[in-house]
Amino acid sequence: MEFKPLIKKARKGDKDALLQLIMAQQADYYKLAYVYMKNEEDALDVLQDMIIILYRNISGLRKEESFYSWSKTILVNCCKKKLRHKNKTVFLDQATAESVDGVYAESEERLVLEKHLSGLSDIHQEVIRLRYFLDMEYEAIAELLKIPLGTVKSRLNKGMKQLKESFGGDIDGQY
């Protein structure tokens with residue numbers, strides 16, 4: 001599917017073109033929202049918020065080829081805003097173990113991992129989830145979070161060291 005003509009139509013106010021663009025990547029958007037929100041209802045809520053923001057602001061999109069990174073950045077910001085608005089930190093061991101295309105398989109090992117992850121700071125959890133749960137490249141994470149590539153690598157390194165310490169040593173090969 002060629003996206004540039006759809007993006008041009010969407011920039012001119014065509015709602016259907018915008019929805020086609022979103023539907024083409026709906027699974028990726030949902031997985032990203034779910035990683036932050038930890039439940040289906042909240043993930044769908046932030047997706048709705050993202051669509052509204054995209055519709056209102058797409059005319060200001062500078063580069064058509066940046067549509068998906070721009071929209072995913074908006075989605076991450078919607079997630080963070082909703083989490084701040086709820087004024088709570090969502091720990092994975094409090095979240096329901098729902099399956100998202102196999103990313104969140106129900107298992108005892110997974111619950112143990114999630115418990116240990118919840119002990120990390122939000123910034124370290126965030127990069128670990130994006131890298132290892134969504135299999136995003138370092139560069140994509142840096143672009144999405146609007147941080148330097150070195151910061152992504154540093155946060156991953158520090159977060160993984162803390163996770164390793166939380167497990168009491170070696171986590172290589174366990175997950």
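All but one of (1) farther than 19 Å from ASP16 by Cα; (2) free of Cβ contacts under 8 Å to residues at least 60 places away in the same chain; (3) in a helix (DSSP H, G or I) hold for ARG56; state the number of the condition that does not hold.
The one condition ARG56 does not meet is (1).
Just checking, how many residues over the stretch 33-53 are in contact (Cβ under 8 Å) with a residue 24 or more places away in the chain and out of contact with any helix residue (DSSP H, G or I) (no Cβ under 6 Å at 6 or more places or on another chain)?
As a first pass, look at the stretch 33-53 and keep what is in contact (Cβ under 8 Å) with a residue 24 or more places away in the chain: 33-40, 42, 45-47, 49-51, 53.
Okay, now just the ones that are also out of contact with any helix residue (DSSP H, G or I) (no Cβ under 6 Å at 6 or more places or on another chain), so 38-40, 42, 45, 51.
Result for the stretch 33-53: 6.
Which ones in the stretch 61-94 are farther than 19 Å from LEU47 by Cα and at pLDDT below 50?
Answer for the stretch 61-94, where residues must be farther than 19 Å from LEU47 by Cα and at pLDDT below 50: LYS88, THR89, PHE91, LEU92, ASP93, GLN94.
Given (1) at negative phi; (2) surrounded by fewer than 19 Cβ atoms within 10 Å (Cβ to Cβ); (3) within 16 Å of the chain's Cα centre (by Cα), where does GLY119 come up short, assuming only one miss?
(3)
Tally time: how many residues in the stretch 66-83 are touching a residue at least 12 places away in the same chain (Cβ under 8 Å) and within 24 Å of LYS12 (Cα to Cα)?
Final tally of qualifying residues: 9.
Can you confirm whether PHE167 is at pLDDT 65 or above, out of contact with any Leu (no Cβ under 6 Å at 6 or more places or on another chain), under 28 Å from ILE74 (Cβ atoms) and among the aromatic types (Phe, Trp, Tyr)? Break it down stepwise before answering.
Working: at pLDDT 65 or above: yes; out of contact with any Leu (no Cβ under 6 Å at 6 or more places or on another chain): yes; under 28 Å from ILE74 (Cβ atoms): no; among the aromatic types (Phe, Trp, Tyr): yes.
Against the criterion (at pLDDT 65 or above, out of contact with any Leu (no Cβ under 6 Å at 6 or more places or on another chain), under 28 Å from ILE74 (Cβ atoms) and among the aromatic types (Phe, Trp, Tyr)), PHE167 does not qualify.
Within the stretch 47-67, is there a residue that is surrounded by 19 or more Cβ atoms within 10 Å (Cβ to Cβ) and either within 21 Å of ARG131 (Cβ to Cβ) or of a type in the set (Lys, Arg) (or both)?
Filtering the stretch 47-67 for residues surrounded by 19 or more Cβ atoms within 10 Å (Cβ to Cβ) gives 47, 50-51, 54, 58, 67.
Within this subset, residues satisfying the condition of being either within 21 Å of ARG131 (Cβ to Cβ) or of a type in the set (Lys, Arg) (or both) are none.
Scanning the stretch 47-67 turns up no residue that is surrounded by 19 or more Cβ atoms within 10 Å (Cβ to Cβ) and either within 21 Å of ARG131 (Cβ to Cβ) or of a type in the set (Lys, Arg) (or both).
Exactly one condition in (1) assigned to a loop (DSSP other than H, G, I, E, B); (2) within 13 Å of the chain's Cα centre (by Cα) is not met by VAL127; state its number.
(1)
How many residues are assigned to a loop (DSSP other than H, G, I, E, B) and either under 25 Å from the mean Cα position of the chain (by Cα) or not assigned by TED's automatic domain parsing to the domain that holds GLY60 (or both) if we restrict to the stretch 1-18?
First, pick out the residues of the stretch 1-18 that are assigned to a loop (DSSP other than H, G, I, E, B): 1-3, 12-14.
Applying the additional criterion that residues be either under 25 Å from the mean Cα position of the chain (by Cα) or not assigned by TED's automatic domain parsing to the domain that holds GLY60 (or both) yields 1-3.
The qualifying residues number 3.
The values are calculated or read from the model by the stated rules, or taken from the named source; none is laboratory data. Because the structure is predicted, anything quoted here is derived from the model rather than measured. Here Cβ is always computed from backbone atoms with ideal geometry, including for glycine, and neighbour counts include all displayed protein chains.
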